[in-house]
Structures are given as structure tokens and as C-alpha cells.
Amino acid sequence: MVQLTRIYTKSGDKGKTALGNGTRVPKNSVRVDAYGTVDETNAVIGVARLHAQGEVDEMLARIQNDLFDLGADLCTPGDGSDDNPEQPALRITAKQTERLETEIDQINASLDPLKSFVLPGGSALAAQLHVARTVSRRAERLIVELAGVETINPEAVRYVNRLSDHMFVLARHANNDGKEDVLWQPGLTR
């Protein structure tokens, strides 16, 4: 279990931070930006949970926990293949991604078919989930950028890609299974 005794350490006052393996990097490195945006996604989901109940809230709670796992994965260089077997780094797993896929399929089965693109909005929960979707897409772009310059766990990309899909179908579910979606009307204001 993690125990924090001090909130500030002053060790980052010169613009560097420590990764999970102790390496110090600039706070504006793509790796820090990637896991920082995962943290931002988690915070947005926390706000969405103010409007969620029951099974939806339970899904979001699991996802928030997963996002801490994803952040831990991304803050530790490598893909897991060279981790110390006695103390392996925490890595996001295929099982976590598969759980998202199962939930997406279950939610999507009850949704009205799409006839247009969906504008962010509708219920308060749906609007917040659309914010979470867009922030998770930004996290995905940063993780892909990181993967282009460093070795990372490939499951991290798969997980965050499914996450944005999950937020999309969950937002539609929050809009009365899509019946109250706000639909794009091309050229409406020409």
C-alpha cells in the first residue's frame, strides 16, 4: 500500500520529476505529459461520477482505478519484458482492456442506432462523459507519441483507445440509450 507522509518534497522545483524507476526527467517530457493527461482523464471521470448511479457509477469507479494502473505503467519506462521478476512494474493488462470491450458491447446493444454524429451534450452525465472521451483521446495521442520514441507496454495504447469508445457509448446510454442524444445537423447555421 502506498503511504504518503509529505505532500511536497521540493525535488521538482527545478522542473524535473522522478519516474517510477527513479530516473529524473523534465516535467514537460512526452512521458510525463502522457501520464499527466491520463490523470486529467481520471479527474474528469470523477466529476462525471457526481451524476452517475448504480452500475454506471461502478463501471466508472473501476475505470478510475484502472487509470491509476495506466499512469503507473506509463511512469515506469519499458514494456514489462525487462521488469525485475521479483518486483515487476505495475502494467495495464489485456484483461482490463477486455473488460472495457465487454462493457462496450453490453451498453451498445441497447442503444438506438446512430443516424448522425453525436454532439457533446444531453444530460449532465452525458456531457461530462463526452469531456472524458475527448481528454482520453488526447491521452491516447500522447501515449502513441511516446510509443514512437520509447518502448512502452502496447496494452496501454489498446486500453486508452477502448476507453474513449467506452465513454462514447456510456454517454449515449446516459442520454436515455441514445433517444436524447444531441445530433449534428450538417450545415444547420449556413
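Only one entry in 180, 140 is touching a residue at least 12 places away in the same chain (Cβ under 8 Å) and outside any helix (DSSP H, G or I), namely 180. For residue 144, the conditions (1) surrounded by fewer than 17 Cβ atoms within 10 Å (Cβ to Cβ); (2) more than 29 Å from residue 31 (Cα to Cα) are fulfilled apart from (2).
Taking the criterion of being surrounded by 11 or more Cβ atoms within 10 Å (Cβ to Cβ), of a type in the set (Val, Ile, Thr) and closer than 26 Å to residue 50 by Cα, the residues of segment 93-128 that qualify are 97, 104, 107, 118. Which ones in segment 135-147 are in contact with a helix residue (DSSP H, G or I) (Cβ under 8 Å, 6 or more places away or on another chain) and farther than 11 Å from residue 40 by Cα? Matches in segment 135-147: 137, 140, 142, 143, 144, 145, 146, 147. Consider residue 153 carefully, then state whether it is crowded, with 21+ Cβ neighbours inside 10 Å and in contact with a helix residue (DSSP H, G or I) (Cβ under 7 Å, 6 or more places away or on another chain). So residue 153 fits the description; yes. So, in segment 65-86, how many residues would count as being surrounded by fewer than 16 Cβ atoms within 10 Å (Cβ to Cβ) and either among the hydrophobic types (A, V, I, L, M, F, W, C) or more than 20 Å from residue 24 (Cα to Cα) (or both)? The number of residues fulfilling the criteria is 5. Taking (1) closer than 30 Å to residue 185 by Cα; (2) at pLDDT 95 or above in turn, residue 115 satisfies each apart from (2).
Close contacts from segment 92-108, counting a first residue that is closer than 22 Å to residue 174 by Cβ and assigned to a helix (DSSP H, G or I) and a second that is modelled with pLDDT of 95 or more and of a type in the set (Ser, Thr, Tyr), with Cβ to Cβ under 6 Å and a gap of 6+ residues or different chains, come to none at all. Please specify each residue of segment 172-190 satisfying the condition of being more than 19 Å from residue 52 (Cβ to Cβ), surrounded by 10 or more Cβ atoms within 10 Å (Cβ to Cβ) and not aliphatic (A, V, I, L, M). Of everything in segment 172-190, those that are more than 19 Å from residue 52 (Cβ to Cβ), surrounded by 10 or more Cβ atoms within 10 Å (Cβ to Cβ) and not aliphatic (A, V, I, L, M) turn out to be 184, 185.
For (1) modelled with pLDDT of 95 or more; (2) among the aliphatic types (A, V, I, L, M), each residue gets a yes or a no:
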site: 59; (1), (2): yes, yes
site: 69; (1), (2): yes, no
site: 80; (1), (2): no, no
site: 93; (1), (2): yes, no
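The set of residues in segment 26-46 being in contact with a Lys or Arg (Cβ under 7 Å, 6 or more places away or on another chain) and either among the charged types (D, E, K, R) or assigned to a helix (DSSP H, G or I) (or both) consists of 27, 37.
Just one of (1) modelled with pLDDT under 95; (2) under 20 Å from residue 157 (Cα atoms) fails for residue 84. It is (2).
The values are calculated or read from the model by the stated rules, or taken from the named source; none is laboratory data. Computed from a predicted model, the values in this text were never measured in an experiment. Cβ atoms come from the backbone with ideal geometry, glycine included; neighbour counts cover every protein chain shown.
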